[in-house]
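Colleague: Questions regarding the structure given below will be posed in turn.
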Amino acid sequence: MKKFVSLLLVAVFAFSLVACGGSTSNVDRSELIGDWYLKNDDGVEEYLTLTEDGKYLVEAVSPMGFTLTSEHTWTYADGVFTVDYADYGTTSVYKKVTLNGNVLTLDNGQGTLIYTRR
């Protein structure tokens, strides 16, 4: 079942691959650091921690209660948020990054992720 969850997460990450167009952002890098939460349409809950030193720590919990944790790296420069999923051989680039109160929105032109600060 762990392989199923891993495959599901890879599919979600692949969905959020490289974006088109210029960057749009109203966010300073320091505002991104911390703990975030997202519940996907398929019921998978994602607990994300962005650290000062560039770690992108994820705990994904499926509706069936299976948990998958992973560690990646992130950067944020010139309004572009990038996640390097080295284990999966892919990178996600979000050129539209907005923060309204406790809501972080990452948009790559193909899909949008909306996180709430924990």
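Colleague: Evaluate the range 81-89: report whether one residue or more is of a type in the set (D, E, K, R), open to solvent by 30 Å² or more (accessible area, probe 1.4 Å) and within 16 Å of ILE33 (Cα to Cα).
Modeller: No, every residue in the range 81-89 fails to be of a type in the set (D, E, K, R), open to solvent by 30 Å² or more (accessible area, probe 1.4 Å) and within 16 Å of ILE33 (Cα to Cα).
Colleague: Can I ask one more? Here is a check on your reading of the model: is GLY65 of a type outside the set (D, E, K, R), outside any strand (DSSP E or B) and open to solvent by less than 20 Å² (accessible area, probe 1.4 Å)?
Modeller: Answer is no for this residue.
Colleague: Okay, next question. Only residues in the range 59-78 that are among the small types (Gly, Ala, Ser) count as the first member; pair them with residues that are not in a strand (DSSP E or B), Cβ under 6 angstrom, at least 6 apart or cross-chain, and list the lot.
Modeller: ALA60/LEU9; ALA60/VAL44; SER62/VAL5; SER62/VAL44
Colleague: Follow-up. Against the conditions (1) in contact with a strand residue (DSSP E or B) (Cβ under 6 Å, 6 or more places away or on another chain); (2) exposed (fewer than 12 other Cβ atoms within 10 Å of the Cβ); (3) assigned to a loop (DSSP other than H, G, I, E, B), where does GLU52 fall short? Just the number, please.
Modeller: The one condition GLU52 does not meet is (1).
The values are calculated or read from the model by the stated rules, or taken from the named source; none is laboratory data. All figures in this text were calculated on a predicted structure; none of them were measured in a lab. A quick note on method: Cβ atoms are made from the backbone with ideal geometry, for glycine too, and the neighbour counts reach across all protein chains shown. Protein only, heavy atoms only, side chains kept; ligands, DNA and RNA dropped before computing areas. Shrake-Rupley method; radii C 1.70, N 1.55, O 1.52, S 1.80 Å.
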